[in-house]
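The numbers here are math on the coordinates, done by the rules we state, and not lab data. In this text, all values refer to a predicted model and were calculated from it rather than measured experimentally. Reconstructed Cβ throughout: ideal geometry from the backbone, glycine too, with neighbour counts over all protein chains shown.
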Amino acid sequence: MINFNVPPMTGKELIYLEKAIKSHKICGDGEFTKRCSKWLEEYTKSEKVLLTTSCTHATELAAILADIKPGDEVIMPSYTFVSTADAFVLRGAKIIFVDIRPDTMNIDEKLIENAVTDRTRAIVPVHYAGVSCDMDEICAIAKKHNLYVIEDAAQGVMSTYKGKALGTFGNYGCYSFHETKNLSMGEGGAILIRDKEDVLKAEIIREKGTNRSQFFRGEIDKYTWMEAGSSYLPSELNVAYLYAQLEASEKIYNDRMKTWNLYYESLKELEERGIIELPVIPDGCVHNAHMFYIKTKDLSERTDLIFHLKGKNINCVFHYIPLHSSPAGRKYGEFYGEDRYTTKESERLMRLPLYYGLEESEAEYISKSIKEFYRLYKRF
Ligand SMILES: *Cc1c(COP(=O)(O)O)cnc(C)c1O
């Protein structure tokens, strides 16, 4: 069976893990955390990067920093992972779902402004498949209406928009290093902070509401409880794994991009004949080969194709069930305007296996099997 995903492992992970264990520092904010944060700050040119236990927690931290309160409204796409909404629902916010663009599956920036009310506090763009939303437009709307921008860049590590790293446009950007993402530490994430004045508060919330981070830097002589906070520090054990991945990030990126391009080139023929659709990368966006998807004619064709590929020992999967149609989404949110594309496009989308180390011959076999499906059943 060709798996849909295999967690990346590049060689140095075990060495660093052993090093972390032998240093007798396995809780948070040790040497590896320092190195990873610095690496990410330099790579993304962020004011500050704090590692967290997940992207979900990074988003929760962002929601606390933005002081989201009960009754506030937060605008986001419905086509996203539950965490995007959860972080704000936990603060009592109402989620306003806005339709997506069919080309990138990202929130349609042209529909956002109409959804803004005097209760709106934040816009949460999600960079699906590591392809950027229209950040110029989104940041302009946020500025005009004095709203926070919190980027769900869980899938956007190493992607850029007009040359700038995803996660650095909004007040806060949230990364994921879950095992399904390009760079991994099992479970983990990071928050990117744009403005200096938010850094101290973020450190406090992340450290159980204490100023322990300042204490460890020797800036104060004892630490104390300053704010309501939580525990969002990842263990050095996980971070040691991530450090190996960051060091090998170019290798991982190139390997994934090779597979992505192979899929694109070999399936282009089906797109040119109007049989399927392939991902669109708008001008100004450089993606990170996080995901390769195709769009079938409709749900029933997708179901048949997934079944056909299972028979060929290939595990292809669909993706999000739109949040607004879920029980929690109905309870905590509301779809603003017409659902023109969210449901329809989500039903057509199928993801292909894509991970570090997927063999070229496997990727070729997968595209061949997709073409075979259309030849056999769709008479192309
Ligand atoms: C993976 C993902 C998350 C959650 O990341 P975790 O690190 O598992 O919490 C959130 N949003 C999107 C869009 C994701 O793809």
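Once divided by 2.2 N^0.38 Å, the Cα radius of gyration of the chain becomes 1.01.
Shown here are the Rg and Dmax of the Cα trace of the range 253-380, at 15.9, 46 Å. Applying both filters, DSSP loop and at most 14 other Cβ atoms within 10 Å, to the GluC sites (Glu not before Pro) of the range 224-254 gives 227. Decide, for the range 111-183, between rounded, prolate and oblate: order the square roots of the alpha carbon gyration tensor eigenvalues as a ≥ b ≥ c, take rounded if a/c falls under 1.5, and otherwise choose prolate if a/b is larger than b/c, else oblate. It comes out prolate by the Cα gyration axes. For the range 1-45, chymotrypsin sites (Phe, Trp or Tyr not before Pro) meeting the loop criterion (DSSP other than H, G, I, E, B) and having at most 11 other Cβ atoms within 10 Å: none. Comparing 252, 169, 58 along the charge dipole axis of the chain, the residue lying farthest to the positive side is 252, per the Cβ-charge model. Charged side chains reduced to their Cβ positions (Lys and Arg at +1, Asp and Glu at -1) give the chain a dipole of some 460 debye around its Cα centre. Along each principal axis, taking the top coordinate minus the bottom one, the Cα set of the range 1-64 gives 41, 36, 22 Å in descending order.
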